Amino acid sequence: MTKPTFDQLPFNVRPDLTPYLVHLTKHTKREDNHSAYDNLVNILETGRIWGSSKKGFVKGSKPAACFMDVPFASLKYVLNKRDADPQKPRYQPYGVAVTKPTAYKRGCRPVLYLSDRELGELNIPPEQHWRVVRFETEAGRWISFVHEREWRCSGNFKLPRTIHAAFVRTTKEALALTSLLHAEPNRFKCVPRSVIPLTVLCQGLEIGKGTLER
């Protein structure tokens, strides 16, 4: 049986699938007073996505860099008023997109969604626990993040020299970042071919207490 090439897989013809992985960042004002935009600029400057630890809900002792397998237009449902709450966000509308072939070659894989009991029963070595995201129900209450379709790689993720896209919230920020990339090209180890404002791509985003930003 002949194996298909990546372009022959259905990522480009189904609206629920995508050939890209997305990493979204957020502000770290409590730690270093950086905005989500600042952290995106830092990712492009260093060419790296730093791995999260237990503080970022990664199991085990090894950090992992995290991505979502979510079509771009569906990011508006990830960036909802709960998960993008400015006071305590899980995500904000800033990030980068890499192709799945690039991510796979650099060690990214879909996570394993398992209950704590299954994690023990399968005897997954502790050094591989970064691959596992908890998925179970307790007395009718669910612990589930399967909607994020998460991929991870162990440790930090080194971005290629160029990527297809970076995301910012607004058109003004897209203009500012594009101007910065053109003005100081040697400052950046990773350069996006496009800078996309998510308020345009997603036709508005929920912010704060349900306010729609246009």
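Every number here is computed from the coordinates shown, using simple stated rules; none is lab data. Quantities reported herein were computed from a predicted structural model and do not represent experimental measurements. Glycine also receives a Cβ, built like all others from the backbone with ideal geometry; neighbour counts cover every protein chain displayed.
With n ≥ 4 as the cut-off for DSSP H runs, can you work out [θ] at 222 nm for the chain, using -39500 (n - 2.57) per run divided by the number of residues, rounded to the nearest 500? Please report the intermediate quantities before stating the final value.
On the way: 6 runs with 44 residues, N = 214.
Taking each H run of at least 4 residues, the total per residue is -5500 deg cm²/dmol.
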Using the 4.7 Å Cβ rule, please list in number order the cysteines from the chain without any candidate partner. Cys66, Cys190, Cys202
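Below 10 angstrom from the Cβ of Ser115, what's the summed charge of the other residues (Lys, Arg +1; Asp, Glu -1)? All intermediate terms of the calculation are to be shown ahead of the outcome.
Working: positive: Arg117, Arg134; negative: Asp116, Glu118, Glu121, Glu136, Glu138.
Local charge sum for Ser115: -3.
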Among the listed pairs Lys54/Lys189; Lys81/Lys105; Lys3/Lys189, which are separated by more than 31 Å between their Cα atoms? Lys81/Lys105; Lys3/Lys189
For the chain, set up a Gaussian network in which alpha carbons nearer than 10 Å are linked by springs, and say which option among Asn39, Asn156, Asn186 fluctuates the most. Asn186
Sort out for me the Cα centre separation of segment 88-128 from segment 1-66, rounded to whole Å. 10 Å
Dipole check, the chain, charges on Cβ (K,R +1; D,E -1), about Cα centroid: among Thr137, Pro197, Val70 the Cα furthest to the positive pole belongs to Pro197
Listed with the fewest Cβ neighbours within 10 Å leading, Phe72, Phe6, Phe67 appear as Phe6, Phe72, Phe67
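Using Cβ contacts closer than 10 Å as the measure, can you line up His147, His129 from fewest to most? Could the numbers behind the result be given before it?
On the way: His147 11, His129 16.
Arranged by neighbour count, lowest to highest, His147, His129 become His147, His129.
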Give me the one-decimal nm value for the distance between modelled label points at Lys62 and Arg161, 7 Å along each residue's Cα-to-Cβ direction. 2.9 nm
Grab the Cα-Cα distance for Glu136 and Thr28, subtract it from 0.36 nm times how many residues apart they are, and report the gain in nm with one decimal. 35.9 nm
Contact order normalised by length for segment 18-213, with contacts defined as Cα pairs under 8 Å and 6 or more residues apart; what percent is it? 29 percent
Specify the residue with the greatest mean-square fluctuation among Gly204, Gly47, Gly140, computed from a Gaussian network of the chain linking alpha-carbon atoms under 10 Å apart. Gly140
Cross-link partners of Lys88 among aspartates and glutamates (Cα-Cα below 19 Å; sequence separation of 8 or more within a chain): Glu31, Asp32, Asp38, Glu148, Glu206, Glu213
Going by amide H atoms built from the backbone, whose H comes under 5 Å of the H on Val70, apart from near neighbours? Val22
Hey, if you drop one equal point scatterer on each alpha-carbon of the chain and run the Debye formula without solvent, what base-10 log of I(q)/I(0) do you get at q = 0.10, 0.12, 0.15 Å⁻¹? -0.47, -0.67, -1.05
Can you give the FRET efficiency to the nearest 0.05 for His182 and Thr46, using r as the Cβ-Cβ distance and R₀ = 22 Å? 0.70
Mind checking which aspartates and glutamates have their C-alpha under 17 Å from Lys158, skipping anything on the same chain fewer than 8 residues away? Glu45
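Counting DSSP beta bridges in the chain, what percent are antiparallel, to the nearest 5? Show your work: numbers first, answer last.
Values: 26 of 34 bridges.
Roughly 75 percent of the DSSP beta bridges within the chain come out antiparallel.
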Please list, ordered by chain and number, the residues whose modelled amide H lies under 5 Å from the amide H of Arg48; skip anything fewer than 5 residues away on the same chain. Leu159
